[in-house]
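Participant: Mind looking over this structure? Questions follow.
The values are calculated or read from the model by the stated rules, or taken from the named source; none is laboratory data. What you see is a predicted model, and the numbers here were worked out from it, not measured in a lab. Neighbour counts run over all protein chains shown; Cβ positions are idealised from the backbone, glycine included. We work out accessible area using only protein heavy atoms, side chains counted, and drop any ligands, DNA or RNA first. Shrake-Rupley method; radii C 1.70, N 1.55, O 1.52, S 1.80 Å.
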Amino acid sequence: MGYTLNFAAVWRNFDFLLSGLMLSLGLAVISILIGTILGLFVAFALLSKNRAVVAPARIYVTVIRNLPILVLVLFAFFALPQMGLRLDKIKSFVLVLSLYSGAYLAEVFRAGLLSIPKGLTEAGLAIGLTSMQIRTSIIAPLMIRNVLPSLSSTIISLFKDTSLAATIAVPELTFAARKINVESFRVIETWMVTSALYVVTCFLIAAVMRLVERRLALPR
C-alpha cells in the first residue's frame with residue numbers, strides 16, 4: 001500500500017467545494033420550502049372526507065414515494081423536454097426534489113395532524129373561527145411542534161439527496177468533488193474532505209433543528 005496522502009490539490013480547490021456546498025444548501029432550502037407548502041396541502045387532502053380530494057393526494061404520495069429519486073431526476077431532465085416542458089438543470093432538479101419532499105413531508109404532517117385532539121377544532125368552531133382560521137392558527141402550529149423530530153430527519157435526508165443533482169451536471173458539492181477527483185487523481189483525499197463537509201453540515205442542521213424544537217416546545 002504505497003499510497004501517500006496529499007491534500008494539496010483539494011485545498012487548492014477548496015473554494016470550489018464550498019461553492020458546491022452552498023449550492024447544495026440552496027437547492028435543499030428552496031425545495032424543502034416548496035415541499036413544505038405542498039406537503040401541508042396534501043396532508044390536509046389525505047384527511048379530507050371528500051374522496052375526490054383524497055384520491056389524487058393518495059396517488060401522488062404513493063407514486064412519488066415508490067419511485068427512486070434518481071429515476072425522477074433523469075425523467076425530469078431528459079423526458080420532460082420531449083413532452084414540451086423545457087427546464088434548465090437546476091430548475092428541473094428543484095422541481096423533482098420539491099415533489100419528492102412534498103410526498104414525504106405530507107406523511108409526516110398527516111401523522112402530526114392525527115395527533116391533534118379533535119376537541120380543538122370543535123372549540124375553534126364554538127368561538128366563531130372559520131375552518132381555515134382553525135387550521136392556520138391552531139392546528140398547523142401545534143402539528144409543527146409535534147413533528148419537529150421527524151421533520152429534522154427528513155430535512156437532513158433531503159439535503160443529502162441533493163448529491164443526485166451531480167448526475168445532470170448541477171455543480172453542487174458531489175459534482176465539485178468528482179471534478180477535483182478527475183483532475184487531480186487524489187481519490188481518497190477528495191472524498192474524505194467531501195464526506196467531512198457533508199457530515200459537518202448535517203450535524204449543524206440537526207443542531208439548529210434541536211434548537212428550534214426546544215424553542216417551540218410547550219411548557220410542561
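Participant: Roughly how many Å² of LEU18 are accessible to a 1.4 Å probe, to the nearest 10?
Facilitator: 70
Participant: Indicate the gyration tensor shape class of the range 1-40 (rounded, prolate or oblate), computed on the Cα atoms with a ≥ b ≥ c the square roots of the eigenvalues: a/c under 1.5 is rounded; otherwise a/b larger than b/c is prolate and the rest oblate.
Facilitator: oblate
Participant: Sticking with this one: Setting aside same-chain residues fewer than 8 positions from LYS91, which lysines have a Cα under 20 Å from its Cα?
Facilitator: Within reach: LYS160.
Participant: Work out, in µm²/s and without decimals, the Stokes-Einstein translational diffusion coefficient of the range 58-98 at 20 °C, 1.002 mPa s, Rh from Kirkwood over C-alpha pairs.
Facilitator: Taking Rh from Cα pairs, D becomes 203 µm²/s.
Participant: Under 11 Å from the Cβ of PRO149, count the other residues' Cβ atoms, weight Lys and Arg +1, Asp and Glu -1, and hand me the total.
Facilitator: Details: positive: ARG145, ARG210; negative: GLU213.
Every neighbour counted, the sum reads +1.
Participant: Volume per residue, Å³, of the convex hull around the alpha-carbon atoms of the range 1-126?
Facilitator: Numbers: hull volume 25.3 nm³, N = 126.
Taking the convex hull of the Cα positions in the range 1-126, it is 201 Å³ per residue.
Participant: Considering only protein heavy atoms and a probe of 1.4 Å, how much of the accessible area of the range 7-216 is carbon and sulfur, as a whole percent?
Facilitator: The computed percentage sits at 69.
Participant: Hey, another quick one. Let me cross-check SER31: its accessible surface, 1.4 Å probe, with only protein heavy atoms counted, in Å² to the nearest 10?
Facilitator: The accessible area comes out at roughly 0 Å².
Participant: Which value, in Å³ per residue, describes the convex hull spanned by the Cα atoms of the range 62-165?
Facilitator: 122
Participant: Can you spot the lysines whose alpha carbon is less than 22 Å from LYS49's alpha carbon? Ignore those fewer than 8 places along the same chain.
Facilitator: LYS118
Participant: Here is a follow-up. Contour minus end-to-end for LEU85 and ALA206, with contour as 0.36 nm per residue of separation and end-to-end as the Cα-Cα distance?
Facilitator: Values: separation 121, 0.36 × 121 = 43.56 nm, distance 3.63 nm.
Here the segment from LEU85 to ALA206 would lengthen by 39.9 nm.
Participant: How would you classify the range 177-220 from its alpha-carbon gyration tensor, with a ≥ b ≥ c the square roots of the eigenvalues: rounded for a/c under 1.5, else prolate if a/b is greater than b/c, otherwise oblate?
Facilitator: Verdict is prolate for the range 177-220.
Participant: Oh, and also: How big is the chain on each of its three principal axes, counting only the C-alpha atoms and giving the largest first in Å?
Facilitator: Result for the chain: principal-axis Cα extents of 75, 50, 27 Å.
Participant: Between THR4 and SER19, what length comes free when the chain is fully extended (0.36 nm per residue of separation minus the Cα-Cα distance, one decimal in nm)?
Facilitator: Additional length available on full extension: 2.7 nm.
Participant: Further question on the same structure: At 1.4 Å probe size, with no ligands or nucleic acids counted, give the accessible surface of TRP191 in Å², nearest ten.
Facilitator: Taking all protein chains as shown, TRP191 has close to 80 Å².
Participant: Hydropathy at least 0.5 by Kyte-Doolittle, axial extent at least 24 angstrom from the Cα trace: which helices of the chain, defined as entire DSSP H runs, fit?
Facilitator: Result, helices passing both filters: 14-46, 89-114, 140-161, 187-216.
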